[in-house]
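Take a look at the structure below.
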Amino acid sequence: MIHNKKMVVVMPAYNAERTLKKTFDGLPHEFIDEIILVDDGSIDKTILVSRSIGITTYAHDRNKGYGANQKTCYRRALETGADVIVMIHPDYQYDPRLVTAMGSLVAQGIYDVVLASRILGAGALKGGMPFYKYVSNRVLTFIENIVIGQKVSEYHTGYRAFSRDVLTRLPLGEDSDDFVFDNEMLLQAFYFGFKVGEISCPTRYNEESSSINFARSVVYGLGVLGASAGYFFAKRKIRKVPLFDPDGKRL
């Protein structure tokens with residue numbers, strides 16, 4: 001419980017056997033009401049590790065994709081009556097101690113969405129982010145800021161906090177089941193007028209950290225540009241875009 005709000009941490013997991021417990025141990029458990037992990041068809045022992053350390057664990061019957069995993073995470077969190085939902089990857093890339101700060105900003109109503117940015121400060125490259133990922137992150141963020149008129153340092157972080165209102169009102173059922181889900185969801189939050197804030201997050205990249213390869217990164221980048229174009233067209237009422245349809249499919 002944080003500021004009299006129920007806070008639930010969700011972890012979309014895929015082959016996180018080696019890093020899950022480190023992530024779990026680093027969380028500020030005294031402020032967290034429940035932790036939920038959704039396994040997306042892992043071929044390692046992620047599910048066994050998750051259950052052995054007491055995490056509420058759900059499993060897809062097959063690999064459905066990163067976006068589909070998050071959708072299940074949020075549905076399950078909402079079912080518990082969560083007021084604040086924090087999503088963190090269980091690969092120990094992001095610092096789990098920031099859950100308190102992120103959740104508090106949402107619980108107090110300062111922001112509806114809080115992003116843990118790897119770009120604010122000087123931690124990304126020092127933390128081991130591959131140079132091509134850093135450059136593509138900066139370029140895509142620059143383009144998106146121009147297109148949608150914002151000043152966000154990073155649209156691509158996998159560490160985020162949300163209010164219940166955000167997850168129930170956004171048409172997340174229209175979003176991709178793949179990696180571009182993160183970007184689409186954030187663009188939707190801006191489109192529908194939610195308050196979005198950022199904090200700086202130290203990161204660590206190593207061989208155990210989850211990361212998409214170069215080819216998948218290119219596909220992701222194209223998806224980001226497509227979503228940004230959709231935002232542009234919808235905002236100017238040039239054409240109807242399902243992602244930004246207020247009557248679109250909810251979770």
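The values are calculated or read from the model by the stated rules, or taken from the named source; none is laboratory data. Keep in mind it's a predicted model, so treat the numbers as computed, not measured. As a convention, Cβ positions derive from the backbone with ideal geometry for all residues, glycine included, and neighbour counts pool all protein chains shown.
Scan segment 58-88 residue by residue and report those that are of a type in the set (A, V, I, L, M, F, W, C) and more than 17 Å from F162 (Cβ to Cβ). Reasoning before the result, please.
Going through segment 58-88, the residues of a type in the set (A, V, I, L, M, F, W, C) turn out to be 59, 68, 73, 77-78, 82, 84-88.
A59, A68, listed by residue number.
Being surrounded by fewer than 18 Cβ atoms within 10 Å (Cβ to Cβ) and either at pLDDT 95 or above or small (G, A, S) (or both) narrows it down to one residue among D165, D182; which is it?
Details: D182 fails: surrounded by fewer than 18 Cβ atoms within 10 Å (Cβ to Cβ).
The unique qualifying residue is D165.
Can you say whether Y74 is in contact with a Gly (Cβ under 9 Å, 6 or more places away or on another chain) and hydroxyl-bearing (S, T, Y), as far as the supplied structure shows?
No: the conditions fail for Y74.
Can you confirm whether segment 9-26 contains a residue that is part of a helix (DSSP H, G or I), farther than 17 Å from E79 by Cβ and among the aromatic types (F, W, Y)?
Filtering segment 9-26 down to residues part of a helix (DSSP H, G or I) leaves 20-26.
Retained after the next criterion (residues that are farther than 17 Å from E79 by Cβ): 20-26.
The next check asks that each one be among the aromatic types (F, W, Y); those that pass are 24.
Checking segment 9-26: at least one residue is part of a helix (DSSP H, G or I), farther than 17 Å from E79 by Cβ and among the aromatic types (F, W, Y).
Would you check if A82 is under 15 Å from the mean Cα position of the chain (by Cα), among the aliphatic types (A, V, I, L, M) and closer than 22 Å to L98 by Cβ? First the steps, then the outcome.
Numbers: under 15 Å from the mean Cα position of the chain (by Cα): no; among the aliphatic types (A, V, I, L, M): yes; closer than 22 Å to L98 by Cβ: yes.
Here the answer is no, as A82 does not meet what is asked.
When you check G65 against the structure, is it among the small types (G, A, S) and touching a Lys or Arg at 6+ places or on another chain (Cβ under 7 Å), yes or no?
Values: among the small types (G, A, S): yes; touching a Lys or Arg at 6+ places or on another chain (Cβ under 7 Å): no.
Against the criterion (among the small types (G, A, S) and touching a Lys or Arg at 6+ places or on another chain (Cβ under 7 Å)), G65 does not qualify.
Would you point out which residue out of R51, R97, R62, R76 is modelled with pLDDT of 95 or more, of a type outside the set (G, A, S) and in a loop (DSSP other than H, G, I, E, B)?
Working: R51 fails: in a loop (DSSP other than H, G, I, E, B); R97 fails: in a loop (DSSP other than H, G, I, E, B); R76 fails: in a loop (DSSP other than H, G, I, E, B).
Going through R51, R97, R62, R76 in turn, the sole match is R62.
Only one residue in D61, D44 is more than 16 Å from Y159 (Cβ to Cβ), acidic (D, E), surrounded by fewer than 21 Cβ atoms within 10 Å (Cβ to Cβ) and touching a Gly at 6+ places or on another chain (Cβ under 9 Å), so which one is that? Steps first, please.
Details: D44 fails: touching a Gly at 6+ places or on another chain (Cβ under 9 Å).
That would be D61, the only listed residue that is more than 16 Å from Y159 (Cβ to Cβ), acidic (D, E), surrounded by fewer than 21 Cβ atoms within 10 Å (Cβ to Cβ) and touching a Gly at 6+ places or on another chain (Cβ under 9 Å).
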